[in-house]
Amino acid sequence: MQYGMHFGSRARGAALAMASMSAAALLVTACQPGSDTAGSTAAPSGGTATKPTASSAASSKPATPSGGTGTSAAPTGAPTSKAPASGSGGVTATPVATTKTCAAESLKAFMYQAAVRPPGTGTGAAIVEFTNMSGAACVLQGYPTVAGAANGTPEKNRPLTVTKAGPTSKVVLAPAAKAWVKLTFVQVQGEADGYCVSGSTPVSYPTLVVGLPGSGANQLALEDGVLAECDNKVTVTAVTATKPS
């Protein structure tokens with residue numbers, strides 16, 4: 001019994017001594033210069049403790065887009081919504097229908113000698129008048145073609161060399177409206193059969209074949225005589241709504 005009590009006293013004494021040594025060691029450590037117990041970061045074993053700096057903290061923040069608004073920019077290529085253009089809505093304007101060219105069968109044509117013509121004894125000049133005989137408006141435009149019909153037969157016609165005179169524009173003919181072209185020839189000179197200044201022989205045609213662009217051709221005889229001309233040349237005006245003389 002005494003041995004047990006003596007051993008217990010020794011054990012308690014040893015424990016108290018160890019506790020006193022541990023407290024003294026802690027006190028010495030706390031009093032050493034350079035120690036910073038507040039705000040220090042413990043380094044992992046074998047490493048060196050580091051403190052966060054202002055620059056590293058700033059670099060860890062997400063970048064703010066230019067302009068400082070803090071709003072995120074839309075990714076490149078992302079679809080953006082657009083307001084529909086004014087006047088849109090999927091409606092396509094219907095083009096205005098244009099008036100058709102006068103068909104050959106819708107025109108009535110006749111030819112007469114012009115009042116104003118080159119001096120000489122031949123025909124000199126003729127006027128061709130076209131009347132719209134249809135029930136709808138139609139268009140004439142352009143210069144006529146002219147051919148002399150030998151013996152009055154269109155299949156044996158002889159095209160004349162055409163010289164175009166004056167501007168051309170569309171002429172809209174209402175039903176029963178009229179349009180004209182004027183044909184001016186190289187005039188025959190002298191009496192009887194006459195002669196041509198160029199030295200060629202005058203030619204007479206019972207009829208002419210006069211064509212218009214897109215409107216076919218008409219075989220026409222002069223209302224007042226036979227057409228005589230020189231050199232197989234003719235100067236023509238474009239279709240006009242103004243009656244020539």
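The values are calculated or read from the model by the stated rules, or taken from the named source; none is laboratory data. Keep in mind that what you see is a predicted model, and the values were worked out from it rather than measured. Neighbour counts are summed over all protein chains in view; Cβ atoms, including those assigned to glycine, are modelled from backbone coordinates with ideal geometry. Surface areas here come from the heavy atoms of the whole protein model, side chains and all, with no ligands, DNA or RNA. Shrake-Rupley method; radii C 1.70, N 1.55, O 1.52, S 1.80 Å.
The residue that is nearest to Thr153 (Cα to Cα), among those in region 221-236 that are open to solvent by 10 Å² or more (accessible area, probe 1.4 Å) and aliphatic (A, V, I, L, M), is Ala221. Listed here are the strands (runs of 3 or more DSSP E) enclosed by region 196-245 that have at least 3 residues being of a type in the set (A, V, I, L, M): 207-211, 227-237. Among the residues of region 182-194, those that are of a type outside the set (Val, Ile, Thr) and either touching a residue at least 60 places away in the same chain (Cβ under 8 Å) or assigned to a strand (DSSP E or B) (or both) comprise Lys182, Leu183, Phe185, Gln187, Gln189, Gly190, Glu191, Gly194.
Pairs linking a residue in region 108-120 that is over 17 Å from Val234 (Cβ atoms) to a residue that is part of a loop (DSSP other than H, G, I, E, B), with Cβ atoms under 6 Å and 6 or more positions apart or on different chains, are Lys108/Met133; Ala115/Ser245. A single member of Ala179, Ala165, Ala147 is out of contact with any Phe, Trp or Tyr (no Cβ under 7 Å at 6 or more places or on another chain), surrounded by 16 or more Cβ atoms within 10 Å (Cβ to Cβ), aliphatic (A, V, I, L, M) and in contact (Cβ under 8 Å) with a residue 60 or more places away in the chain, and it is Ala147.
One residue stands out among those in region 105-125 that are open to solvent by less than 40 Å² (accessible area, probe 1.4 Å) and either aliphatic (A, V, I, L, M) or touching a Pro at 6+ places or on another chain (Cβ under 7 Å) (or both): the one that is farthest from Leu212 (Cα to Cα), which is Gly122.
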